[in-house]
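Undergrad: Right, I'll just put the structure down here and ask away after.
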Amino acid sequence: MWEKLDLDLDAHDALLEVLGKFYGDIYMSQQNRLQGAEYLDFVLSEVHGLRIKELQDAKAEGRKVIGTFCVFVPEEITLAADAVHVGLCAGADAGTDLAEQLVPRNTCALIKSFIGFKMAKLCPFTESSDMIVGETTCDGKKKAYEAFNEITPTYIMEVPQTKTEAARALWKSEVLRYLAEVEKLTGKTITPERLKQGIKTTNAKRRALQRLTSLRAADPAPISGRDALLVNQISFYDEPIRFTAKINELCDELESRIAVKDGIAPAKTPRLLLSGCPMAVPNWKLPYVIESSGAVIVGEESCIGTRNSRDLVDESGETMDEMIDAIVDRYMKIDCACFTPNTERQENVTDLAKRMNADGVIHYSLLFCQPYTHEALKVDKTLQAEGIPMLSIETDYSMEDVEQLKTRIEAFVETLA
Amino acid sequence: VIIGLDIGSRSIELVAMNNREVVHALRVPTTFDPLSQCRKLLDGLRPDILVGTGYGRNLIQRLGLDCEHSAITEIKAHAIGARHLFPEAATVLDIGGQDTKAIALSGGRVMKFEMNDRCAAGTGKFLEYTAGVFQIPIEEFGHYAMKGNDPPVISSICTVFAETEATSLMAQGKQPESIALGLHKAIIKRTVNMLNRVGLNQPLVFTGGVANNPCVLSLLASAIKAEEGTGLLIPENPDMVGALGAALHAADG
């Protein structure tokens, strides 16, 4: 199977070895971890193994694999065509030197990573994809997809940048265009019944993630931020029905923990909300630094977090038109920093910080990510008015600033105690 | 006896206290073997409590101490030390070997802070490096720069680029003292920006080794329009404030 994928197998093995060691240091070292974390460990250990095998098996049955980089690509439609929807690798320093031949050096680590993974032939998800979907969110990604398209065909969805009626109409036309493209790719007609099922499956997954979010409001925190981030990360890779069942089981375990006031950290441990850019596997650097500094993370306000799970598609639609409108409305609620204005994000961060009983917020921007770095200033102002302290961190995937980050984060935690 | 140990990137300071009185204060360079340097400082002392701070604060766990010990960040340590020396302190500026920190205090507590991240631009290391370019000992570099006049604007704060810029200015025939003054002004500009980001209120207490530089002091005082004698406060031993803060934290449990 591996030989058939266009991968650099030696480099891929080396990557997995580093990943395994990193995972051991950051995850397996945790005390009093959940039993349900076994599922997380297993999925992650097989993320470039059994899961790829499953994708290949699906392809052998004639199903198609659609690879994505953004929460704007409507999974409901992918599933309705019986295709597999996966997130592509973008969380590690891989092939950076190659990527810098296609994009400027002052491009964020996430963009360099997905290009680097492709050029260095390291991502089996990318190599398994029958269709890769990009989108016009930030300028960095827009231009990067132009370059990416030269090495692998990339279908681009036009994400509007405002929330006007005209923007909604544009987005609706893009959702319909995606639907037609997926039908063409799979040779399957998306019927109202199939679309309804796609909506139900995706909603169920998001409901499980919402349930996890709610349970994390408890003190002591029942689950570490690292594990919760992993759950969110895995939601982009694993089979959605299996994932939903496993996360609901994990939530059952959390409920029994909360009932006996058991937690991953003692009660009254300073609680922090992470907010900002997405953290793709294996970007666990900041959560690890934070949770090694005497604090516990109680939420992730990001695309690999509540931005992906907060809103559901209205399930009351019966006709194709009604369901498409419901999907369009749901996706137009996403408070990505590429929108202008994007004031709802400031409200959402504040609401989430309060709901999770957070003592403070750490705003994370990837170096060179203009939209989120800009919004850090706005979010700070809004939180200050609410009396919620915020620390703004700008970093990337390299480890050179870990000690400096530790000092800043520890000092921030000291101010909360 | 209670000990505060500030393990910085360039030097390690120790302050020993008894009944909140400093009984012993010592400073050694960090070198490439900070653990041995710490042991040297602790030789003959029998601490009851030790609190570490600074970049190497977690090294204290490897000292094999048989007393109670913990670590706090240098941000907290400098805030505590500065407030102890100057109870009226509203803002603290610490420029050490590789970090610059601006700390806003309210009721003696750290409210907000800023520090440079992965680059040592505009810190003690920058001065040390550029002094080397002029072949002037670091202790005299401030006095040297004060002899300059009509300083050129040095736009780069990156240590390496600033050297390139200084070299070009020398090639243009600029007086070296004036170039040195320009380099000092570049640091002040960056520092004042950082202070303004946390909300600069006077009195400002200036700690860390760079507070020994008279040129930095005089430029800073005029840049922030410090009120004579009360706006900008300099401890007698600015290098020792972090260790003092750590010792006070230990004393207050």
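Undergrad: Counting only residues that are more than 13 Å from chain B (Cβ to nearest Cβ), farther than 30 Å from residue B:52 by Cα and touching a residue at least 40 places away in the same chain (Cβ under 8 Å), give me the helices (runs of 4 or more DSSP H) lying completely in segment A:308-417 with at least 2 of them.
TA: Counting at least 2 such residues, we get A:320-332, A:343-355, A:370-385.
Undergrad: Another question, then. Just need a number here: residues in segment B:63-99 that are away from chain A (no Cβ under 14 Å) and closer than 18 Å to residue A:293 by Cβ.
TA: Summing the residues that are away from chain A (no Cβ under 14 Å) and closer than 18 Å to residue A:293 by Cβ in segment B:63-99 gives 1.
Undergrad: Among the residues of segment A:263-271, is there at least one that is buried (at least 19 other Cβ atoms within 10 Å of the Cβ), among the basic types (Lys, Arg) and in contact with an Asp or Glu (Cβ under 7 Å, 6 or more places away or on another chain)?
TA: Yes, segment A:263-271 has at least one match.
Undergrad: Right, next: So which residues in segment B:46-84 are closer than 19 Å to residue B:111 by Cβ and assigned to a helix (DSSP H, G or I)?
TA: B:74, B:75, B:76, B:77, B:78, B:79, B:80, B:81, B:82, B:83, B:84
Undergrad: Now for a separate question. Could you pull out the residue among A:118, A:143, A:163 that is at pLDDT 95 or above, in a helix (DSSP H, G or I), surrounded by fewer than 24 Cβ atoms within 10 Å (Cβ to Cβ) and more than 17 Å from the chain's Cα centre (by Cα)? Before the answer, list the steps.
TA: On the way: A:118 fails: surrounded by fewer than 24 Cβ atoms within 10 Å (Cβ to Cβ); A:163 fails: in a helix (DSSP H, G or I).
Checking each option against the conditions leaves just A:143.
Undergrad: Out of the residues in segment B:100-140 that are within 14 Å of chain A (Cβ to nearest Cβ) and buried (at least 24 other Cβ atoms within 10 Å of the Cβ), state the one that is modelled with the lowest pLDDT. Steps first, please.
TA: First pass over segment B:100-140, keeping only residues within 14 Å of chain A (Cβ to nearest Cβ): B:100-121, B:123, B:125.
Next, from what is left, pick out any that are buried (at least 24 other Cβ atoms within 10 Å of the Cβ): B:100-103, B:113, B:123.
Working: B:100: 93, B:101: 95, B:102: 97, B:103: 97, B:113: 96, B:123: 89.
Checking each candidate, the answer is B:123.
Undergrad: Determine which member of the set A:312, A:377 is surrounded by fewer than 18 Cβ atoms within 10 Å (Cβ to Cβ), of a type in the set (A, V, I, L, M, F, W, C) and under 21 Å from residue A:163 (Cα atoms).
TA: A:312
Undergrad: Could you go through segment B:169-185 and let me know if any residue there is among the polar types (S, T, N, Q), farther than 25 Å from residue A:394 by Cβ and touching a Gly at 6+ places or on another chain (Cβ under 6 Å). Full working, then the answer.
TA: From segment B:169-185, those among the polar types (S, T, N, Q) are B:172, B:175, B:178; that's our starting set.
Still in the list and also farther than 25 Å from residue A:394 by Cβ: B:172, B:175, B:178.
If we keep only those that are touching a Gly at 6+ places or on another chain (Cβ under 6 Å) as well, we get B:178.
Yes, the conditions are met somewhere in segment B:169-185.
Undergrad: Scan segment B:61-86 residue by residue and report those that are free of Cβ contacts under 8 Å to residues at least 24 places away in the same chain and not hydroxyl-bearing (Ser, Thr, Tyr).
TA: Result: B:61, B:64, B:65, B:66, B:67, B:68, B:69, B:71.
Undergrad: Can you pull out every residue in segment B:40-62 that is crowded, with 23+ Cβ neighbours inside 10 Å and within 11 Å of another protein chain (Cβ to nearest Cβ)?
TA: Once the filter is applied, which keeps residues that are crowded, with 23+ Cβ neighbours inside 10 Å and within 11 Å of another protein chain (Cβ to nearest Cβ), segment B:40-62 yields B:53, B:54, B:55, B:57.
Undergrad: Evaluate the following for residue B:94: is it in contact with a His (Cβ under 7 Å, 6 or more places away or on another chain) and not hydrophobic (A, V, I, L, M, F, W, C)?
TA: yes
Undergrad: Applying the selection to segment A:67-115, what residues are part of a helix (DSSP H, G or I), out of contact with any strand residue (DSSP E or B) (no Cβ under 7 Å at 6 or more places or on another chain) and not polar (S, T, N, Q)? Please lay out each step first, then the result.
TA: Within segment A:67-115, the first condition is being part of a helix (DSSP H, G or I), and the residues that meet it are A:75-80, A:96-99, A:109-115.
Those still in the list that are out of contact with any strand residue (DSSP E or B) (no Cβ under 7 Å at 6 or more places or on another chain) too: A:76-77, A:80, A:96-99, A:111-115.
Of everything in segment A:67-115, those that are part of a helix (DSSP H, G or I), out of contact with any strand residue (DSSP E or B) (no Cβ under 7 Å at 6 or more places or on another chain) and not polar (S, T, N, Q) turn out to be A:76, A:77, A:80, A:97, A:98, A:99, A:111, A:112, A:114, A:115.
Undergrad: Does residue A:218 meet the test of being among the hydrophobic types (A, V, I, L, M, F, W, C), closer than 22 Å to residue A:27 by Cα and outside any helix (DSSP H, G or I)?
TA: Details: among the hydrophobic types (A, V, I, L, M, F, W, C): yes; closer than 22 Å to residue A:27 by Cα: yes; outside any helix (DSSP H, G or I): yes.
Yes: the conditions hold for residue A:218.
Undergrad: Follow-up question, since we're still on this one. For residue A:63, state whether it is outside any helix (DSSP H, G or I), closer than 23 Å to residue A:188 by Cα and either among the basic types (Lys, Arg) or modelled with pLDDT of 90 or more (or both).
TA: For residue A:63, the condition - outside any helix (DSSP H, G or I), closer than 23 Å to residue A:188 by Cα and either among the basic types (Lys, Arg) or modelled with pLDDT of 90 or more (or both) - is met.
Undergrad: Mind checking whether some residue in segment A:318-336 is of a type in the set (D, E, K, R) and closer than 20 Å to residue A:231 by Cα? Break it down into steps so the answer makes sense when it comes.
TA: Within segment A:318-336, the subset of a type in the set (D, E, K, R) is A:318, A:321-322, A:325, A:329-330, A:333, A:335.
Next cut, closer than 20 Å to residue A:231 by Cα only: none.
Within segment A:318-336 (the criterion being of a type in the set (D, E, K, R) and closer than 20 Å to residue A:231 by Cα), the answer is no, since none of the residues qualifies.
The values are calculated or read from the model by the stated rules, or taken from the named source; none is laboratory data. The structure presented is a predicted model; accordingly, all values stated were derived computationally and were not measured. Virtual Cβ from ideal backbone geometry, glycine too; neighbours counted across all protein chains shown.
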